[in-house]
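Down below is the structure, laid out as structure tokens.
The values are calculated or read from the model by the stated rules, or taken from the named source; none is laboratory data. It should be emphasised that the depicted structure is a prediction, and the values quoted were computed from it without experimental measurement. Note: ideal-geometry Cβ built from the backbone for every residue, glycine included; neighbour counts use all protein chains shown. Heavy atoms of the whole protein, side chains included, go into the accessibility calculation; ligands, DNA and RNA do not. Shrake-Rupley method; radii C 1.70, N 1.55, O 1.52, S 1.80 Å.
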There are 2 protein chains.
Amino acid sequence: MKELHPALTLKYLGINTYKEPIIYMRSDCHICKSEGFDAQARVRVSLNNRSIVATLNTIDSNLLSDNQASLSEYAWKLLSAKEGDPISVSHPKPLDSLSYIRSKIYGHELKAEETKHIIDDLVAGQLSDINIAMYIAASAGAKLSKKEVFDLTKAMVDSGQRLTWDAPCVVDKHCVGGLPGNRTTPIIVSIVAAFGLMIPKTSSRAITSPAGTADTMEVFTSVDLDIPTMRRVVEQENGCLVWGGSMALSPADDLLIRIERTANIDSEEQMVASILSKKIAAGATHLLIDMPIGTTAKIRSIAHAEYLKKLLKSIAKEFGIETKVIFSDGSQPIGRGIGPGLEALDILAVLNRNPNAPQDLREHALALAGQVIEFSPNITHGSGIKIATDILDSGRAFAKFQAICNAQGGMREIPQASFTHTIESKKSGIIVNIDNRQIARVAKLAGAPKSKSAGVELLVPLHSVVRKSQPLFKLYAETRGELNYALDFLKQGHEIFQIEVGA
Amino acid sequence: MKELHPALTLKYLGINTYKEPIIYMRSDCHICKSEGFDAQARVRVSLNNRSIVATLNTIDSNLLSDNQASLSEYAWKLLSAKEGDPISVSHPKPLDSLSYIRSKIYGHELKAEETKHIIDDLVAGQLSDINIAMYIAASAGAKLSKKEVFDLTKAMVDSGQRLTWDAPCVVDKHCVGGLPGNRTTPIIVSIVAAFGLMIPKTSSRAITSPAGTADTMEVFTSVDLDIPTMRRVVEQENGCLVWGGSMALSPADDLLIRIERTANIDSEEQMVASILSKKIAAGATHLLIDMPIGTTAKIRSIAHAEYLKKLLKSIAKEFGIETKVIFSDGSQPIGRGIGPGLEALDILAVLNRNPNAPQDLREHALALAGQVIEFSPNITHGSGIKIATDILDSGRAFAKFQAICNAQGGMREIPQASFTHTIESKKSGIIVNIDNRQIARVAKLAGAPKSKSAGVELLVPLHSVVRKSQPLFKLYAETRGELNYALDFLKQGHEIFQIEVGA
């Protein structure tokens, strides 16, 4: 269709819809009137040589003047928009992917190219939240065949960058549904890289938790490396510890997870495609998966874990990836610190063999590192953990960690929080439960992960006997206001520790 | 949880998200910080004694000041908000209905009370678009059992008002997937009410079309009656022609249709619940369904029509409603006018027996009215159409129509458009196709349905032989600007008539 309308000029309004592209236009502007656009219409928005499909919100006030339009933060970023830029708006072409989503809703098995179309349109910002939600609902509940899981994984890999490495064995590890403080990755990478296996590790930042591995690593060094820099670090040190977000590995994954999360849908098939697509894109040949099982963890039963394990291994095999899945204890946090800086202190204590280092973190990291080392063709089954322990205890792991940090831009001091407050037990008794979700909440209220030194330090483990007034945990914050947010929350009666009196 | 935060004050921004409740809050406001709310969080918003769940969009600019928040138009209306009102914002309680939607996604048959929970939360504004989309996707594609369709219909009826009438036979009619101009309802109601059957007709306004029956009736008289007034009209005249929107009959229906429409999902089972819930809520005992079948109509094949007919009849029967389904020709528009005022002229011409009245509209209305009349226990099969014809030709139908309009508040003059333009054929030939969607588009660009007199008048029917420069259709608009929008669209090469030269 010929473009007949004069362009609208962008005004910045700073409305953050998370990852939903929204365009704001006056309902009485010439484009809405002539094109017949109403609120909730899907429209094509073009700027320079970029173009996205956005949902229209109309403006019935003077927020915008006659020839102005605005974009949500996400759309603004997708189009690299600047204040005053001229945009053109038109009807979007009908999307084939919507027919394929309908086909899936009606119970048909999708062809590889149909799944690819859906994922490509997803990544290109063509699908609305409603479209994506319907695709997820139509796929969840064991409604994807094994072939469809394979096709989905491949489509997700193909939607982004894919790294290749000049090594016969490229190892990776992943934890399904993290526990607070379960920050084994920096320790494992240091041990494995020191051992001599290539482990180009990309990690995520926190989405809803008080810290992701990338947030914690950022306490030590730069993590937002570009691909050439990351490659240089890995070639030099066998490993790296970087943020995956800037690499565009399986970009479809984040977009699906965003919708799954709001609806609390965990589809096993999509989870498998999600995990494997990132690892395949990162170039892994061998993959260790840590699967904590516990009532407040993501995986709550052995049966569920077994199903997931089988599916993961079988799809990974089709991509030529050897996979080991380890079931672990998901009943309580690991380590003492929750929050980037406090977790960094735990990691540092383990790496430099501090006798006060949290033993659970050390042991869990050694067990996993041992399994990774056994991917090496020369290592016999069962001997990995001893090798890992030797590397850690000899100081070689710490040296490797420092070398990786230096290669990534230099090692930093761990910041200290200015405001702290210790919470004491109100009674004597036994700690019978620790609420992982409440810990995460308090750590976030105190400022984590944005405030690096903020968070929670646990002072007693599950099943401890405590006496009245014994310190249970300590809050850390960078401002008094944030400390008070966390304290107010606790004053409202939210309990982290469940203590039972006597027995 | 105790409310610890000072309230935020509402500022009106006039952002129309259609029916999605959105709250706008500064990302650095004390509530977002202390509660840990990020963009896309679902939050409970309370004002006076009302409370809704809205999706959070955060503001990173000076659109709002420190203690201000805003709401989308829909949320603003749900809460009856006024500028400066103080709102409180908190975490929403977990919704059981989300578990039931997940259960449906995982392929389980829902219990009656589970479906009811979902529909109640939908109507109470508790579900996000993503939740609703997932529920629709999980239900579409023949995934609802007959029992679930019954339960859904009942839950939708129970979610709103329900009318009862003091008559043994209360008739209604419905058209599935309307054709442009197929405005038989006012004629049928007039005939049937004049015959003596009770027909309390509620109709909808246009959603995506250039006119709904309520828009067209509004040309003649007031249609937004409250229930007591409607009841008085029906008791006095046996019938009424009002807008159903203000009656809150099956309010869940509009909310589901909104999401289905954006994704172009037509689930037969949900369509049946949608149609029947409105009719049951309106108190019908006998229902005639007009189902136009054609390549550009909603129902495109006989097989599809047969399936829908069977399901409609069987569910209606469980509610004690006798249902007849009539298949009709959906290959071209009915009548000449498209747009509220132009359709009103067609209706008036048929009712007052103008010899130039569109015969297709007259015949279709008589056929349907005859079928409705045969619901009457004394009328033998096949004699209804003759009775209907007698009532129309004797002037009794027109008298009844005038009486209904007067009872609804008085009969109005039909407005005339100030700007018209006749489009002539560019060549001689035969009209082999009329594009219903393009007609609707042009009528809307010309201003319908908001501008009552705007629209399109068709001057030649399908299969006509036309000569070059013969008038094909006429555009009507209330402003020159709107006329130009429609003309610009046509100049871009969009063709309403497909004309083939010679044979």
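Results, tabulated for the structure shown:
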| read-out | value |
| --- | --- |
| Cα-based equivalent ellipsoid, the stretch A:100-184: semi-axes from gyration tensor eigenvalues, Å | 27, 18, 14 |
| Directionally averaged projected area (convex hull, Cα atoms, the stretch A:398-503), nm² | 8.2 nm² |
| Exposure ranking of A:117, B:30 by accessible area [1.4 Å probe, largest first] | A:117, B:30 |
| Chain B - mean residue ellipticity at 222 nm from DSSP helices (-39,500 (n - 2.57) per run, n ≥ 4, rounded to 500) | -12500 deg cm²/dmol |
| Pair residue B:161, residue A:112: separation of 7 Å Cα→Cβ label points (nm) | 5.9 nm |
| Scattering profile of the stretch B:96-139 at q = 0.18, 0.19, 0.33 Å⁻¹ [log10 I(q)/I(0), Debye over alpha-carbon scatterers] | -0.41, -0.46, -1.34 |
| Using θ = phi - 60° and Karplus 6.51 cos²θ - 1.76 cosθ + 1.60, couplings along the stretch B:100-110 (whole Hz; Gly, Pro as x) | 5, 5, 4, 4, 5, 4, 7, x, 7, 7, 7 |
| Rg ratio (alpha-carbon, reference 2.2 N^0.38 Å) - chain A | 1.06 |
| Pairwise burial B:A, computed as accessible area of each alone minus the pair, summed, 1.4 Å, Å² | 4800 Å² |
| Set of the stretch A:21-53 residues, backbone N closer than 17 Å to the point 7 Å along the Cα-Cβ line of residue B:264 | A:41-44, A:53 |
| Viscosity 1.002 mPa s, temperature 20 °C, Stokes-Einstein D of the stretch B:171-330 from Kirkwood C-alpha radius, µm²/s | 133 µm²/s |
| In degrees, nearest ten, helix B:359-373 long axis to first principal axis of chain B (Cα) | 70 degrees |
| Label-point gap, in nm, between residue B:77 and residue A:229 - each point 7 angstrom along Cα→Cβ | 5.1 nm |
| Exposed GluC sites (Glu not before Pro) absent - longest run of chain B, DSSP non-H/G/I/E/B, at most 14 other C-beta within 10 Å | B:110-412 |
| Label-point separation, residue B:399 to residue B:356 (7 Å along Cα→Cβ), nm | 2.7 nm |
| Other protein chain Cβ atoms within 10 Å, averaged over every residue that makes up B:37-43 | 4 |
| Within 10 Å of each Cβ in A:10-20, the average number of Cβ atoms from other chains | 6 |
| D (Stokes-Einstein, µm²/s), Kirkwood Cα radius, the stretch B:380-451, 0.890 mPa s at 25 °C | 143 µm²/s |
| Threshold 10 Å², the stretch A:46-64 residues less accessible with all protein chains present than alone (1.4 Å probe) | A:57, A:58, A:59, A:60, A:61, A:63 |
| For residue A:63, net neighbour charge (Lys/Arg +1, Asp/Glu -1) across residues whose Cβ lies under 11 Å away | +2 |
| Globularity index of the stretch A:164-223, i.e. its alpha-carbon radius of gyration over 2.2 N^0.38 Å | 1.19 |
| Of B:93/B:313; A:33/B:104; A:19/A:201; A:279/A:474, those spanning more than 32 Å from alpha-carbon to alpha-carbon | B:93/B:313; A:33/B:104; A:279/A:474 |
| Amide H contacts under 5 Å for residue B:240, placed H, 5+ residues apart | B:199, B:201 |
| Other-chain or far-sequence residues with amide H under 5 Å of residue B:173's (modelled H) | B:288 |
| Cβ-defined net charge surrounding residue B:108, 15 Å radius [Lys, Arg +1; Asp, Glu -1] | 0 |
| 10 Å Cβ neighbours from other chains, averaged over peptide A:259-268 | 4 |
| Teacher prompt: residue A:327 distances to equivalent labels in other copies, 7 Å Cα→Cβ, nm | 5.7 |
| Nearest 10 degrees, 0 to 90: helix A:384-393 Cα axis against chain A principal axis | 80 degrees |
| DSSP-loop trypsin sites (Lys or Arg not before Pro) across the stretch A:408-444, with at most 15 other Cβ within 10 angstrom | A:412, A:426, A:427 |
| Rg/Rg_globular for the protein assembly as shown, with Rg_globular taken as 2.2 N^0.38 Å and Rg from C-alpha atoms | 1.08 |
| Residues whose placed amide H lies under 5 Å from that of residue B:424, excluding near-sequence neighbours | B:472 |
| Alpha-carbon centroids, the stretch B:1-76 and the stretch B:128-193: separation in whole Å | 34 Å |
| Whole-percent carbon and sulfur share, accessible surface of chain B, 1.4 Å | 50 percent |
| Dipole magnitude of the protein assembly as shown, debye to nearest 20 (Cβ charges: Lys/Arg +1, Asp/Glu -1, about Cα centre) | 300 debye |
| Ranked order, B:304, A:286, A:381 - accessible area, probe 1.4 Å, largest first | A:381, B:304, A:286 |
| C-alpha center-to-center spacing [the stretch A:289-366, the stretch B:433-503] in angstrom | 66 Å |
| Label point 7 Å beyond Cα along the C-beta direction, distances from residue B:354 to other copies (nm, shortest first) | 9.1 |
| Projected area, mean over directions - the stretch B:7-58, Cα convex hull, nm² | 3.8 nm² |
| Proximal charge balance of residue B:475 [Cβ under 10 Å; K/R count +1, D/E count -1] | -1 |
| Hydrodynamic radius by Kirkwood, which averages 1/r over all alpha carbon pairs of the stretch A:109-238, in angstrom | 17.5 Å |
| Label-zone membership for the stretch A:12-41, site residue A:60, 7 angstrom Cα→C-beta point, backbone N under 12 Å | A:27-28, A:39 |
| Loop trypsin sites (Lys or Arg not before Pro), the stretch A:339-386 (other Cβ atoms within 10 Å of the site Cβ: 15 or fewer; DSSP) | A:353 |
| Within chain B, percent of DSSP bridges classed antiparallel, to nearest 5 | 55 percent |
| Angle in degrees between helix B:112-123 and the longest Cα principal axis of chain B, rounded to the nearest 10 | 90 degrees |
| Full-stretch length increase - residue A:246, residue A:464 - with 0.36 nm per residue and alpha-carbon distance subtracted | 74.2 nm |
| Shortest-first nm distances, residue B:166 label point to equivalent points in other copies (7 Å, Cα→Cβ) | 9.5 |
| Delta accessible area of at least 50 Å² on complex formation, residues of the stretch A:91-133, 1.4 Å probe, chain isolated as reference | A:102, A:105, A:106, A:130 |
| Cα gyration tensor, the stretch B:307-394 - rounded (a/c under 1.5), prolate or oblate | oblate |
